[in-house]
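Down below is the structure, laid out as structure tokens.
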Amino acid sequence: MSGVTDDEGNYTGVFRRGARGTIDIIADILLLCTTWNKRTRIMYKANLSHQMLKVYVWHLVELGLLEESEDMKFRTTEKGKVFLSHYQHLSRLLIGLNDHHRPFVPQQDE
């Protein structure tokens, strides 16, 4: 899940040149879980260690962004979908900063 858009033009992240931040990881997990998924699939698709996955999934369930089924599968809740919507909107706004950002160079008087 790298780059700004995937092959279908869907948003996949803003600043994916280096390490992902917590918010990007949360968005990756929520995006993967729009349908029911087991931990193993989430772990591999989100590129997380088992330990990291346990921490993120536990917090997301506690926050009400993910729900867990009786057979230990996870799915994004309505609250999680709202989070994703806001995240994607903000990310689209920030893409323009990446494309058009030029460092400020002060002019010297001669």
Seminar exercise, completed: If amide H atoms are modeled at 1.01 Å from N in the peptide plane, then the residues at a separation of 5 or more from Leu66, or on another chain, having amide H under 5 Å from its own are Val61, Thr77
Problem set entry | His89 accessible area, 1.4 Å probe, all protein chains in place, Å² to nearest 10 | 110 Å²
Exercise. Where does each of Ser85, Ser69 land when they are ordered by accessible area, with a 1.4 Å probe and the largest first?
Worked result: Ser85, Ser69
Exercise. Met72 versus Arg92, label points 7 Å from Cα toward the beta carbon: distance in nm?
Worked result: 3.8 nm
For this session: In whole Hz, with x marking every Gly and Pro, tabulate ³J(HN,Hα) for the range 52-63 from phi via Karplus 6.51 cos²θ - 1.76 cosθ + 1.60, θ = phi - 60°.
Result: 5, 4, 4, 5, 5, 4, 4, 5, 5, 5, 4, 7
Exercise. Tell me, what HN-Hα J-couplings in whole Hz come from the Karplus equation 6.51 cos²θ - 1.76 cosθ + 1.60 at θ = phi - 60° for each residue of the range 42-51, using x for Gly and Pro?
Worked result: 4, 4, 6, 5, 8, 6, 10, 6, 4, 4
Exercise. Once the whole set of protein chains is in place, how much accessible area is left on Ile26, using a 1.4 Å probe, in Å² to the nearest 10?
Worked result: 30 Å²
Exercise. Got a number for the accessible area of Arg41? Probe 1.4 Å, square angstrom, nearest 10.
Worked result: 130 Å²
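The values are calculated or read from the model by the stated rules, or taken from the named source; none is laboratory data. Predicted model, so just to flag it, every value in this text is computed and none were measured. Using ideal geometry, Cβ is built from the backbone for each residue, glycine included, and neighbour counts are taken over all protein chains shown. Side chains are part of the model used for accessible areas, which takes the heavy atoms of the whole protein and leaves out ligands, DNA and RNA. Shrake-Rupley method; radii C 1.70, N 1.55, O 1.52, S 1.80 Å.
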